[in-house]
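None of the figures in this text is laboratory data; all of them are computed from the coordinates on show. Remember, predicted model here, so these are calculated numbers, not experimental data. Note: ideal-geometry Cβ built from the backbone for every residue, glycine included; neighbour counts use all protein chains shown.
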Amino acid sequence: MYDLLLIRAVFVLMLAAAAWFLQPFGLASPLAAAAGALLGILIVLAEIRLKQVSLKRLIGAAAGSVLGIVGAFLISLVISWALPGSRGTVSFVQLLILLVMTYVGLIVGASKGDMLNLSALGGLFGGEKAQKQSFKILDTSVIIDGRIADIAETGFLDGTLVVPQFVLRELQLVADSADSMKRNRGRRGLDVLQRIQKMAHLNVQILEDDYPHIREVDLKLIELARAYDCKIVTNDFNLNKVAQLHGVEVLNINELANALKPIVLPGETMRVFILKEGKEYNQGVAYLDDGTMVVVDNAKKMISKTIDISVTSVLQTQAGKMIFGRFDERMHHVYDKPPASERAGRSAEPAPAERTAAPPRA
């Protein structure tokens with residue numbers, strides 16, 4: 001970023017110095033230098049604005065301008081032939097037509113440039129759209145969440161992961177927060193980002209583009225996604241809805257997690273670990289590996305045991321999925337050992353049924 005600012009500053013200074021020595025339009029050296037510096041600043045501002053314009057619009061604007069100039073030239077020939085005696089009037093009308101047609105061609109060509117199908121041309125133009133669509137912008141919330149790193153390791157994410165500079169600033173503010181919980185979440189996000197950058201099969205880029213006139217980070221992400229025609233990766237429900245209203249595609253990690261939850265049907269048998277007592281009479285509560293709650297009837301006495309149950313119904317709520325089942329000791333098995341996922345979080349002490357009996361004393 002600083003290298004680009006240095007190049008722009010040198011460009012402005014070179015224009016100012018050239019105007020100082022050459023003194024165009026008969027201007028004095030100080031005034032000519034000021035005019036050259038102003039012209040350089042205007043060119044830099046135009047360059048910054050053009051960076052946000054798509055290639056289709058640039059091609060449309062260039063084609064419209066060329067057609068406008070050609071049309072103005074032909075009309076000027078007709079006018080000079082029709083009005084041979086009025087030199088001043090003819091020159092003014094010719095200049096006016098040139099400016100008007102060039103301006104109209106530029107504006108109309110840029111506005112209609114989005115209708116161009118550059119992919120049909122192949123080569124460089126055909127690869128532009130595919131490359132843009134392969135960009136995926138990471139939101140602050142999805143970086144802090146951490147699951148994006150696990151998904152990236154599996155190879156399901158392709159293309160280029162883009163982290164805007166304003167997202168890094170927001171992540172740094174969270175990591176420097178006075179609140180210990182926010183500070184830990186921010187530092188975890190920085191660790192997750194560092195982990196993603198070390199993955200050899202992924203291309204992670206830090207994007208310097210910013211929109212100072214927009215304060216909210218969510219709106220900046222949407223504007224950036226629209227400028228580069230790419231998708232946003234997030235787990236923020238509100239950002240998901242707002243982005244859809246603006247026509248921006250979103251990859252929601254929470255929706256992916258819900259889609260990967262196991263599908264069970266009433267009547268199926270499943271094995272669960274009863275963790276605690278339920279709210280209703282004689283109920284037990286279990287949880288699957290993905291956090292899905294399983295409410296089991298007749299399982300109050302089976303707390304801290306692994307049992308087989310019959311699924312009775314599945315309820316889909318806004319918070320997720322809930323599974324209801326029933327335990328029948330006459331037809332279902334009871335296991336003393338919890339599942340491997342439960343044993344990992346418990347102590348290494350063996351279950352009572354597995355302890356070796358102490359030898360009798362003499």
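Taking other Cβ within 10 Å of each residue's Cβ, how do Thr317, Thr234 sort, fewest first?
With the fewest neighbours first, Thr317, Thr234 line up as Thr317, Thr234.
Once the piece of chain linking Arg326 and Leu256 is laid out straight, how much longer is it, given 0.36 nm per residue of separation minus the C-alpha distance between them?
22.3 nm
If R0 is 22 Å, what FRET efficiency do you get for Gln23 and Phe73 from their C-beta distance, rounded to 0.05?
Approximately 0.10, to the nearest 0.05.
Excluding same-chain residues fewer than 8 positions from Lys300, which aspartates and glutamates have a Cα within less than 17 Å of its Cα?
The qualifying aspartates and glutamates are Glu277, Glu280, Asp308, Asp328, Glu329, Asp336.
I need the phi-derived Karplus couplings for segment 326-332: 6.51 cos²θ - 1.76 cosθ + 1.60, θ = phi - 60°, integer Hz, Gly and Pro marked x.
Here the 3J(HN,Hα) series is 9, 10, 10, 5, 7, 10, 10 Hz.
Suppose we keep just the alpha-carbon trace of segment 2-115; what are its Rg and Dmax in angstrom?
Rg and Dmax of segment 2-115, Cα atoms, are 18.9, 58 Å.
Could you calculate the contour length gain from Lys182 to Phe92, that is, 0.36 nm times the residue separation minus the distance between their Cα atoms, to one decimal place in nm?
25.7 nm
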